[in-house]
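K.L.:
Take a look at the following structure, please.
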Amino acid sequence: MTLQIQQAAFDPGATLNAFQAAHPGVGAVVSFTGIVRDEGATLTALEIEHYAAMTGPAISAIAEQAIGRWQLAGALVIHRYGRLLPGETIMMVATAAKHRAGAFASADFLMDYLKSRAPFWKKAFSAGGSEWVSAKAEDEAALHRWSDLP
């Protein structure tokens, strides 16, 4: 399992190619890349904060759970922090499995966790000021599909 919590930008294509090359013989690799979006054309920046002593262990634990649950050959989670602009890559998840069902389900599981429970705090900035981003009800509902999560 590879976990990177970083400020620096990364190349999703090169990262995915390296991840796939590191897992020869699997039948499926699934990835998701998140991009800072500006739904209302008002966002000037998104600032992400985290507490390293808490964030790394929490994400590692859920990734290890995914690896065991779907017998993954590997999992990758990259999440950026700091000040990000609309259109910038914010995160990436990739999973490698024997079959596509496990690769898709585990990537979906990891994304639901990251959206709802990963210890990141987000503040949105616009011309009108700033505000902390609250959890969304639909993200919480998606998380509950996985009944054994805290």
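The values are calculated or read from the model by the stated rules, or taken from the named source; none is laboratory data. Only a predicted model underlies this, so the values are computations on that prediction, with no experimental measurement involved. Glycine also receives a Cβ, built like all others from the backbone with ideal geometry; neighbour counts cover every protein chain displayed. Each accessible area value is taken on the protein alone, full model and side chains, heavy atoms only, with ligands, DNA and RNA left out. Shrake-Rupley method; radii C 1.70, N 1.55, O 1.52, S 1.80 Å.
K.L.:
On the given criteria, is residue 113 aromatic (Phe, Trp, Tyr), over 23 Å from residue 17 (Cβ atoms) and modelled with pLDDT of 95 or more?
P.N.:
no
K.L.:
On to the next question. Hey, among 147, 106, which residue is more than 28 Å from residue 18 (Cα to Cα) and of a type in the set (Ser, Thr, Tyr)?
P.N.:
None of the other options fit; the residue is 147.
K.L.:
Is there a residue being under 30 Å from residue 128 (Cα atoms), more than 15 Å from the chain's Cα centre (by Cα) and either of a type in the set (Gly, Ala, Ser) or not in a helix (DSSP H, G or I) (or both) anywhere in the range 66-78?
P.N.:
For the range 66-78, residues under 30 Å from residue 128 (Cα atoms), more than 15 Å from the chain's Cα centre (by Cα) and either of a type in the set (Gly, Ala, Ser) or not in a helix (DSSP H, G or I) (or both): absent.
K.L.:
Can you work out which of the residues in the range 23-82 that are open to solvent by 20 Å² or more (accessible area, probe 1.4 Å) and charged (D, E, K, R) is nearest to residue 11 (Cα to Cα)?
P.N.:
37
K.L.:
Please pick out the residue among 69, 83 that is of a type in the set (Lys, Arg) and closer than 19 Å to residue 123 by Cα.
P.N.:
From the options 69, 83, the qualifying one is 83.
K.L.:
Moving on. Which residues, taken from the range 83-121, are part of a strand (DSSP E or B) and surrounded by fewer than 18 Cβ atoms within 10 Å (Cβ to Cβ)?
P.N.:
Once the filter is applied, which keeps residues that are part of a strand (DSSP E or B) and surrounded by fewer than 18 Cβ atoms within 10 Å (Cβ to Cβ), the range 83-121 yields 83, 89, 121.
K.L.:
Do you know which of the residues in the range 122-146 that are charged (D, E, K, R) and assigned to a strand (DSSP E or B) is nearest to residue 73 (Cα to Cα)?
P.N.:
Checked the range 122-146; the qualifying residue nearest to residue 73 (Cα to Cα) is 122.
K.L.:
Give me the pairs: first residue in the range 1-13 and over 15 Å from residue 50 (Cα atoms) and in contact (Cβ under 8 Å) with a residue 40 or more places away in the chain, second residue assigned to a helix (DSSP H, G or I) and among the small types (Gly, Ala, Ser), beta-carbon distance under 6 Å, and six or more apart or on different chains, which are they?
P.N.:
1/63
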